[in-house]
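Working notes, beginning with the structure itself.
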Amino acid sequence: MQNFTKESLIQSLIEIRQKGWIPTGRKNNDGGVGNTLEDLLGIEENNLPIPNASEWELKAQKKNTTSLITLFHMEPSPRAFKFVPTILLPEFGWRHKEAGRKYSQNEQSFRQTINAKGYSNRGFTVKIDKLDKKVWIDFNYKNISDTHNSEWLEQVSNKKLEPKPYWGFDDLYHKAGTKLHNCFFVSAESKKINGTLHFKYQEIFMLKKFNLDKFVNAIEEGYIYIDFDARTGHNHGTKFRLRRDSLIKLYSDVKQY
DNA sequence: GGTACCTGGAT
DNA sequence: TATCCAGGTAC
């Protein structure tokens, strides 16, 4: 991999911006805007839990989306329980919308995008305990809305989530500190040209000094979401996510190029 | 092949 | 905003 410095990254990103419309390098992949940016920088695809380019993490996002930005992936503790594949998906999951069509008849889904502000309509929420220094997941069937089908309501009624999935502050600090300390955020316009998705990279933000206290406070105040994203055939992992404005606020030093 | 990471979405 | 969701790789 190329050995980037801050200066060479800024230069490369500005050159990419000057190229204008660039075809996606990943057809049929929602992550195309980020993958294509990595391709242009000569970064090989990997799943290593480290910054993309030397000490710099890269985030890209389509301009016209309201989707959340993923900070990182981390499965909850205790790891031995393997919460998502052995508990949350089989015991609390529901029939996938594409079961019997795109997927098998038995395809289950467990997707929850939740924060500390309140319970989702499937009864899940994020809790934060500053004394025990952990973020944990609660489930309470009393908070389930009755809009769900009776089969699922029956399945989870009176069910308890025990033990609670959690993330220790120290683990979160280590993950965020090593992966997110410095970051470039790049936005891109997108459109199809002759049927192929293209991106035009535009705003370039240099974000320095990720602030761990602000990170925990953002979880507590509900600006950071925990996003479970599993179906039977593919667990995409459990993510910590937030909106663009919230991402920028987590850094102490922000510059736009 | 299961699990846990990576890159991100639409309505 | 809430509730759903995508294609990849390492081990």
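The values are calculated or read from the model by the stated rules, or taken from the named source; none is laboratory data. A quick note: this is a predicted structure, and the numbers were derived from the prediction, not measured. Cβ sites come from the backbone with ideal geometry, for glycine too, and all protein chains shown count toward neighbours. We work out accessible area using only protein heavy atoms, side chains counted, and drop any ligands, DNA or RNA first. Shrake-Rupley method; radii C 1.70, N 1.55, O 1.52, S 1.80 Å.
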Among the listed residues A:Gly123, A:Gly34, which satisfies the condition of being open to solvent by less than 30 Å² (accessible area, probe 1.4 Å), out of contact with any Pro (no Cβ under 8 Å at 6 or more places or on another chain), near DNA strand B (Cβ under 10 Å from one of its atoms) and of a type in the set (Gly, Ala, Ser)?
A:Gly34
Just the residues that are out of contact with any Leu (no Cβ under 6 Å at 6 or more places or on another chain), open to solvent by 10 Å² or more (accessible area, probe 1.4 Å) and more than 10 Å from DNA strand B (Cβ to nearest atom), please, taken from the stretch A:170-191.
A:Asp170, A:His174, A:Gly177, A:His181, A:Asn182, A:Glu189, A:Lys191
Let me spell it out: the conditions are (1) outside any loop (DSSP other than H, G, I, E, B); (2) touching a Phe, Trp or Tyr at 6+ places or on another chain (Cβ under 7 Å); (3) modelled with pLDDT under 95, and A:Ser8 meets all of them except one. Which number is the exception?
(2)
Within the stretch A:35-58, does at least one residue satisfy the condition of being within 12 Å of DNA strand C (Cβ to nearest atom) and among the aromatic types (Phe, Trp, Tyr)?
no
Against the condition of a type in the set (A, V, I, L, M, F, W, C), over 30 Å from A:Gln112 (Cβ atoms), in contact with a helix residue (DSSP H, G or I) (Cβ under 6 Å, 6 or more places away or on another chain) and not in a loop (DSSP other than H, G, I, E, B), how does A:Ile16 come out, does it pass?
yes
Would you check if A:Ala60 is closer than 22 Å to A:Ala176 by Cα, within 7 Å of DNA strand B (Cβ to nearest atom) and buried (at least 17 other Cβ atoms within 10 Å of the Cβ)?
yes
If you scan the stretch A:96-129, which residues turn out to be at pLDDT 95 or above and of a type in the set (Lys, Arg)?
A:Arg111, A:Lys117, A:Arg122, A:Lys127
Which of the residues belonging to the stretch A:67-92 are open to solvent by 80 Å² or more (accessible area, probe 1.4 Å) and either modelled with pLDDT under 95 or more than 12 Å from DNA strand C (Cβ to nearest atom) (or both)?
A:Arg79, A:Ala80, A:Phe81, A:Lys82
Taking the stretch A:98-112 and keeping residues open to solvent by 30 Å² or more (accessible area, probe 1.4 Å), more than 10 Å from DNA strand B (Cβ to nearest atom) and in contact with a Phe, Trp or Tyr (Cβ under 9 Å, 6 or more places away or on another chain) leaves A:Gln108
Need pairs with beta-carbon distance below 7 Å; first residue closer than 12 Å to A:Leu207 by Cα and within the stretch A:227-252, second charged (D, E, K, R) and not in a strand (DSSP E or B); sequence gap 6+ or separate chains.
A:Lys249/A:Lys214; A:Leu250/A:Lys214
Please specify each residue of the stretch A:198-234 satisfying the condition of being more than 15 Å from the chain's Cα centre (by Cα) and open to solvent by 50 Å² or more (accessible area, probe 1.4 Å).
A:Lys200, A:Lys209, A:Leu212, A:Asp213, A:Lys214, A:Asn217, A:Glu220, A:Glu221, A:Thr232, A:Gly233, A:His234
Give me the residue from the stretch A:230-257 that is among the charged types (D, E, K, R) and either part of a loop (DSSP other than H, G, I, E, B) or farther than 30 Å from A:Tyr103 by Cα (or both) and, out of that set, nearest to DNA strand C (Cβ to nearest atom).
A:Arg243
Taking interchain pairs and intrachain pairs at least six residues apart, which have beta carbon atoms under 6 angstrom, with the first residue in the stretch A:104-115 and within 18 Å of A:Tyr223 (Cα to Cα) and the second open to solvent by 20 Å² or more (accessible area, probe 1.4 Å)?
A:Gln112/A:Ser120; A:Thr113/A:Tyr225; A:Ile114/A:Ser120; A:Asn115/A:Tyr225
